[in-house]
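Working notes for the structure below.
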Number of protein chains: 4
Amino acid sequence: MSWLDQSIMRTRGLAQGRSAETHALTEAKQGKFHYTIGPYSDPVLQVRPGDRVVVDTRDAFEGAVKTEQDLPSRVLRMPFVNPQNGPILVEGADKGDVLAVYIESMAPRGPNPRGTCAMIPQFGALSGTSLTALLADSLPEIVRKIDLDEDGVYWSRRVTLPYRPHIGTLSCSPEIDSINTLTPDAHGGNMDLPDMGPGSITYLPVRTPGARLFIGDAHACQGDGEVCGTAVEYPSTTTIQVDVIKGWNLEWPRLENENRIMCIGSARPLEDATRIAYKELVLWLEAEYGYERWDAYMMLSQCGLVRLGNFVDPKYTVGAGIEKKYLVP
Amino acid sequence: MSWLDQSIMRTRGLAQGRSAETHALTEAKQGKFHYTIGPYSDPVLQVRPGDRVVVDTRDAFEGAVKTEQDLPSRVLRMPFVNPQNGPILVEGADKGDVLAVYIESMAPRGPNPRGTCAMIPQFGALSGTSLTALLADSLPEIVRKIDLDEDGVYWSRRVTLPYRPHIGTLSCSPEIDSINTLTPDAHGGNMDLPDMGPGSITYLPVRTPGARLFIGDAHACQGDGEVCGTAVEYPSTTTIQVDVIKGWNLEWPRLENENRIMCIGSARPLEDATRIAYKELVLWLEAEYGYERWDAYMMLSQCGLVRLGNFVDPKYTVGAGIEKKYLVP
Amino acid sequence: MSWLDQSIMRTRGLAQGRSAETHALTEAKQGKFHYTIGPYSDPVLQVRPGDRVVVDTRDAFEGAVKTEQDLPSRVLRMPFVNPQNGPILVEGADKGDVLAVYIESMAPRGPNPRGTCAMIPQFGALSGTSLTALLADSLPEIVRKIDLDEDGVYWSRRVTLPYRPHIGTLSCSPEIDSINTLTPDAHGGNMDLPDMGPGSITYLPVRTPGARLFIGDAHACQGDGEVCGTAVEYPSTTTIQVDVIKGWNLEWPRLENENRIMCIGSARPLEDATRIAYKELVLWLEAEYGYERWDAYMMLSQCGLVRLGNFVDPKYTVGAGIEKKYLVP
Amino acid sequence: MSWLDQSIMRTRGLAQGRSAETHALTEAKQGKFHYTIGPYSDPVLQVRPGDRVVVDTRDAFEGAVKTEQDLPSRVLRMPFVNPQNGPILVEGADKGDVLAVYIESMAPRGPNPRGTCAMIPQFGALSGTSLTALLADSLPEIVRKIDLDEDGVYWSRRVTLPYRPHIGTLSCSPEIDSINTLTPDAHGGNMDLPDMGPGSITYLPVRTPGARLFIGDAHACQGDGEVCGTAVEYPSTTTIQVDVIKGWNLEWPRLENENRIMCIGSARPLEDATRIAYKELVLWLEAEYGYERWDAYMMLSQCGLVRLGNFVDPKYTVGAGIEKKYLVP
């Protein structure tokens, strides 16, 4: 039996692991993409627990950066960036439930050079920004167009990076807010977490009827922290399977893969994101894995695993995890 | 000639200081209050530049905390707190303009004890919170009901505080986001800045047609930082006058009173809020007051004035100001 | 009876307000100045509680910036900046006591232009720094030499600023650490707090026998936050009176003047400095002024006063205060 | 040829890889341990580049926590914790050089239960602390005594953790400061970085003649961030080899192991520690590995590796690294 069959999604989800219909969410079907994640937009699709959706995502620049001469400051118009597919309604999901999103696969779409990385003025961890507001000049604005396929990301003559795709932005709708697609928060959003790739299940808190799933911002690879502000952004065909776990009332997203479970926090300063992630993990071990609270806290001090998603977005994202082998009773 | 006649609002606004119609935005006229500030709600009023609006605001608990036994954790239902009046459409205001909001007066409404202060679990600067997430127990949950009138805030037998009213939350709508009323940001929002009382003009960036003004959260008094998380919250009759300054493209709110101008930033950590406020002020002195940039920066290092609005909301708010006497050419 | 006669220093100090000997700590007597504050240097003076010391301080550049062409990056050699007078031993002071330092007067020394303000590369709140490390270019390096006397600080043809002197750096020695003179911390240090001028009493925790008082870094004026990184730095003759309060075991410095008491915290991020200051103030009101803890906390949320000392040093400094009129039983 | 023969230490160090004398720094030889790292203490040993030193370290509680009933708040006396061996003088090392410290092995010392983990009041990432000062109660004070050997750390009946030793505190002396052993900074100090174990070389900036090496704080294992505030602290026999790289003028420590190079930053807030680490890494790739600066910055955004050392000490520590395979020309 695979780990997936034993996952929380498969064992506690409404679908009980039964894959049902497969839906295609093509660009045409999507129509208008979204730049804010909330309850005010019209659903493009309605699916059932266990259904698969094949999603054609656009890159974070919505294809506007076609050559290395297409500087973001000229071709982008804020806040219309990081386009999201969705919202997808999932039957049976309601406030107080969890939407499980299993990423089955991510394939590149469109002709090369389909990867884009950019240094954008007043953006990135080693630059003054709109929030860390300084009088220093911006760093140079630079665009890199990059060939990539499922075998590699051809960064330069010198360096080929592995193709390690993940979804940068994944969310259910907040209850009453609508949050721009650059910002991660308790709803998910622009977490830019490299763990969120094929073979992972993300558990998102549901806050509105039908969950209203948004998805976008595929990365062909990304380092910890996404230091310059962008990953290798690319258009993808991302295949997901969704399920609903009733009555699992989460504050923040969580993630599971073959070897780990992880809690995800997004906040500034970065220690607050890390606190959220670890606090959630302590409480999870206590609530569902038979650990006494302080034993969990002290043990994570010895074996906790931290992933820095990004420290460039309006909130920073951290995942705190533990290997599943320590969860066996 | 009063300072008001020489203010930016009066000298650059469309109304040219002519007061026109006075509108009443009563509770009945308002109907449904708002808990999120964005472009998706229906206007309750349309006014013209120079018009006055007499607004009946509800307190931040929307009146649900009637006695000291009404604990917030029982009588409030998140995120439905800090109710806002509006949105008010202002003719002639459009993206790239500024909405000037002059606060003419603030009077208490309703029977005493009409003031409320509370220690709310997982809220406040000296407690763990949802963002500074800790495993420590919450502080005790305590409600104080306080008599107040225009002569004083009768805190205890020992202490009477001065009645120094201000508006805690003031905003135009963001362009596409809808932001809960607990959070301040570039649109204004829950700034909790004591300077924003009668005799002040706040300049808010306009990002949608008609500006869509929201207003609420009156405080009878508040200390710097609002350390326990709440001020003396009360229902008010707040009279404002609005005007539109065309083509003044601001990133963040600004404020003017008889003696000072001020720029307002909201961010975490607190130094980032302060950076935003000071950077905006340096650039303002350069753009409109004839200061060379580095002269302004170095001079503010000698005479800049910082007000801490709050360091308890999801973003913290700081105002950085300078006395008007230094602005004379 | 003056406020001073009723001050904590005068009512609880060993000297009981009796002024005794006056000592002169001239440059010659000082000899070698200090760039680190700790227990490892030799005392230059020993005084008794109630004694006055007339201290000739050097400016923070130790006089090396004589003209506007003397760029700090050329004439300074790190970490040898911000020279301190002392250490001064005070009889009767020991670990667990408090040293009270009343600043009686501060007069300028030496010929004009005796004031210096500088923008120093990789320093200042609106620049990348050694701690907020960025790849952005430094701001320009600029020196301003400024005439000043006790009537004013002649900033430019356009602006004359008031002479509002204060001591930037004031400390007793830590117990075992020796801390560079750029950094404020629980021992005091480089707090850059404008309230620390003539007419103020600073209460410093004593951690070594004799207290080992260090003093320096006079500012002719300074804005809240010292945004560009430097005040109007100048050489001063500063007259202080010291006293010892036995068995007052403080964690952080405190301050008293005619109208206020204040607690001082230094930390990063800035909210942590503010938390320290307010927590100390709550506990002080509880311990010595008859307030119940949560009453103090909630009341400070209505009348607390925050001063931002600096947000440019390796730790940031905040004072949280309350007006004395609220302390009357 | 092993990676060690190709390491920076072996190829650029004075010893040229020649191992010379082996010294024993036993507890007896050490005598008085140190709680502050600076230039004011007497050396216990003088060695030459290439020499090995076998160091008997004490645990961070200096053995005072012998049973689970020995609560730290009772048996420890601040600031006398985290005892360090040293200072060790290394011939030929001077300001502007680097001291390379290769950790050859770490073996447990003394009888079991020789491991100690504790929750200490007002310490740890999910508690209020002396710096994140809150009014909330402390978490419970708990001590865990743990058996451990080179095969495992026997945490509980349920969980055995791998023995993954590393040195928590490693430093050369600052130039004039003396820094308590709880704080990491540019000199090294209490970094609590799990990568600093056997098979790693740490490169420390030298700031005083002879480098003055301090070492202590062995951990039998530690999770990312050391969330509860302590690792599995234990007394060790740690064997190191030291060497001197002349004229390598570093601001912050760096690390090398078989597969990676890493830069280490320590600061608050946590994003500043991460900024330091990544900035240093960008500049390192530019200065020594033939990368153009912006290419390095953008590439690290795709393949940079972040390790959170601790977010519990007075400054937080982050390592930013890259796999050596990307450094091949």
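Assorted remarks:
- Yes/no for B:LEU213 being within 15 Å of the chain's Cα centre (by Cα), more than 12 Å from every other protein chain (Cβ to nearest Cβ) and surrounded by 24 or more Cβ atoms within 10 Å (Cβ to Cβ): yes
- Filtering segment A:256-307 to residues that are over 21 Å from B:SER130 (Cβ atoms) and either within 20 Å of the chain's Cα centre (by Cα) or part of a strand (DSSP E or B) (or both) leaves A:GLU256, A:ASN257, A:GLU258, A:ASN259, A:ARG260, A:ILE261, A:LEU305, A:ARG307.
- Note on segment A:82-102: among residues that are open to solvent by 10 Å² or more (accessible area, probe 1.4 Å) and either among the aromatic types (Phe, Trp, Tyr) or within 14 Å of another protein chain (Cβ to nearest Cβ) (or both), the one that is farthest from A:PHE61 (Cα to Cα) is A:GLY96.
- Among residues of segment A:51-64 that are at positive phi, those with a Cβ under 8 angstrom from a residue that is part of a loop (DSSP other than H, G, I, E, B) and open to solvent by less than 30 Å² (accessible area, probe 1.4 Å), sequence gap 6+ or separate chain, pair up as A:GLU62/A:PHE33; A:GLU62/A:VAL81; A:GLU62/A:PRO83; A:GLY63/A:PRO235.
- Pairs with Cβ under 7 Å, 6+ apart, first in segment B:266-282 and at the interface with another protein chain (Cβ under 7 Å from one of its Cβ atoms) and over 17 Å from C:GLY223 (Cβ atoms), second open to solvent by 10 Å² or more (accessible area, probe 1.4 Å) and basic (Lys, Arg): B:ALA267/B:LYS315; B:ARG268/A:ARG268; B:ARG268/B:LYS315; B:PRO269/A:ARG268
- Selection status of A:VAL153, closer than 29 Å to A:PRO111 by Cβ, free of Cβ contacts under 8 Å to residues at least 24 places away in the same chain and either open to solvent by less than 20 Å² (accessible area, probe 1.4 Å) or more than 14 Å from every other protein chain (Cβ to nearest Cβ) (or both): no
- Of all residues making up segment B:250-293, the number that are open to solvent by less than 20 Å² (accessible area, probe 1.4 Å), out of contact with any helix residue (DSSP H, G or I) (no Cβ under 9 Å at 6 or more places or on another chain) and more than 28 Å from B:LEU45 (Cβ to Cβ): 3
- Residue within segment C:90-102 that is part of a strand (DSSP E or B) and on the phi > 0 side of the Ramachandran plot present: no
- Scan segment B:28-42 for residues that are open to solvent by 60 Å² or more (accessible area, probe 1.4 Å) and away from chain A (no Cβ under 14 Å) and the total you get is 2.
- A:VAL159 falls short on exactly one of the conditions (1) touching a residue at least 60 places away in the same chain (Cβ under 8 Å); (2) crowded, with 17+ Cβ neighbours inside 10 Å, and that condition is (1).
- Scan of segment C:51-62 for residues that are out of contact with any helix residue (DSSP H, G or I) (no Cβ under 6 Å at 6 or more places or on another chain) and surrounded by fewer than 21 Cβ atoms within 10 Å (Cβ to Cβ), ordered by number: C:ARG52, C:VAL54, C:GLU62
- The set of residues from segment B:126-148 being in contact with a Phe, Trp or Tyr (Cβ under 7 Å, 6 or more places away or on another chain), open to solvent by less than 50 Å² (accessible area, probe 1.4 Å) and not hydroxyl-bearing (Ser, Thr, Tyr) comprises B:LEU126, B:LEU135, B:ILE142, B:ILE146, B:LEU148.
- Listed by first and then second residue, the pairs linking a residue in segment D:191-208 that is at pLDDT 95 or above to a residue that is assigned to a loop (DSSP other than H, G, I, E, B) and among the basic types (Lys, Arg), with Cβ atoms under 7 Å apart and 6 or more places separating them unless they lie on different chains, are D:PRO194/D:ARG164; D:GLY197/D:ARG164; D:VAL206/D:LYS95; D:ARG207/D:LYS95; D:THR208/D:LYS95.
- Check on C:GLN16, open to solvent by 10 Å² or more (accessible area, probe 1.4 Å), out of contact with any helix residue (DSSP H, G or I) (no Cβ under 6 Å at 6 or more places or on another chain) and modelled with pLDDT under 95: yes
- Scope segment C:63-81; condition surrounded by fewer than 16 Cβ atoms within 10 Å (Cβ to Cβ) and either among the charged types (D, E, K, R) or over 28 Å from D:GLY38 (Cβ atoms) (or both); matching residues: C:LYS66, C:THR67, C:GLU68, C:GLN69, C:ARG74, C:ARG77
- Among residues of segment B:230-241, those that are in contact with a helix residue (DSSP H, G or I) (Cβ under 9 Å, 6 or more places away or on another chain) and within 27 Å of B:GLU91 (Cβ to Cβ), counted: 1
- Being in contact (Cβ under 8 Å) with a residue 40 or more places away in the chain, away from chain A (no Cβ under 14 Å), open to solvent by 10 Å² or more (accessible area, probe 1.4 Å) and under 19 Å from the mean Cα position of the chain (by Cα) is true of C:PRO165.
- Condition broken by C:GLY247, with the remaining ones in (1) within 10 Å of chain B (Cβ to nearest Cβ); (2) open to solvent by 20 Å² or more (accessible area, probe 1.4 Å) satisfied: (1)
- Contact map, segment B:288-309: first residue within 16 Å of B:GLU323 (Cβ to Cβ) and facing chain C (nearest Cβ under 8 Å), second residue outside any strand (DSSP E or B) and of a type in the set (Ser, Thr, Tyr), Cβ cut-off under 8 Å, separation 6 or more or different chains; pairs are B:MET299/B:TYR291; B:MET299/B:TYR326; B:MET299/C:SER156; B:LEU300/B:TYR278; B:SER301/C:THR230; B:CYS303/B:TYR326; B:GLY304/B:TYR278; B:VAL306/B:THR274.
- Restricted to segment C:161-190, and to residues there that are out of contact with any helix residue (DSSP H, G or I) (no Cβ under 7 Å at 6 or more places or on another chain) and hydrophobic (A, V, I, L, M, F, W, C), the residue that is farthest from B:ALA296 (Cα to Cα) is C:ILE176.
- Filter result (small (Gly, Ala, Ser), under 23 Å from C:ILE120 (Cβ atoms) and within 13 Å of another protein chain (Cβ to nearest Cβ)) within segment C:168-196: C:GLY168, C:GLY189
- Extreme residue, farthest from D:CYS221 (Cα to Cα), among residues of segment D:75-130 that are in contact with a strand residue (DSSP E or B) (Cβ under 6 Å, 6 or more places away or on another chain) and of a type in the set (Ser, Thr, Tyr): D:TYR102
- Hits in segment C:221-236 - residues which are within 7 Å of another protein chain (Cβ to nearest Cβ) and more than 15 Å from C:ASP313 (Cα to Cα): C:CYS221, C:VAL232
- Screening D:SER105 against (1) among the small types (Gly, Ala, Ser); (2) surrounded by fewer than 16 Cβ atoms within 10 Å (Cβ to Cβ); (3) in a loop (DSSP other than H, G, I, E, B) leaves a single unmet condition, (3).
- The set of residues in segment C:310-322 being more than 8 Å from chain B (Cβ to nearest Cβ) and part of a loop (DSSP other than H, G, I, E, B) consists of C:VAL312, C:ASP313, C:PRO314, C:LYS315.
The values are calculated or read from the model by the stated rules, or taken from the named source; none is laboratory data. Please read all numbers here as calculations on a predicted model, not as lab measurements. In this analysis, Cβ positions are derived from the backbone assuming ideal geometry, glycine residues included, and neighbour counts consider all displayed protein chains. Calculation scope for accessible area: heavy atoms of the full protein, side chains included, ligands and nucleic acids excluded. Shrake-Rupley method; radii C 1.70, N 1.55, O 1.52, S 1.80 Å.
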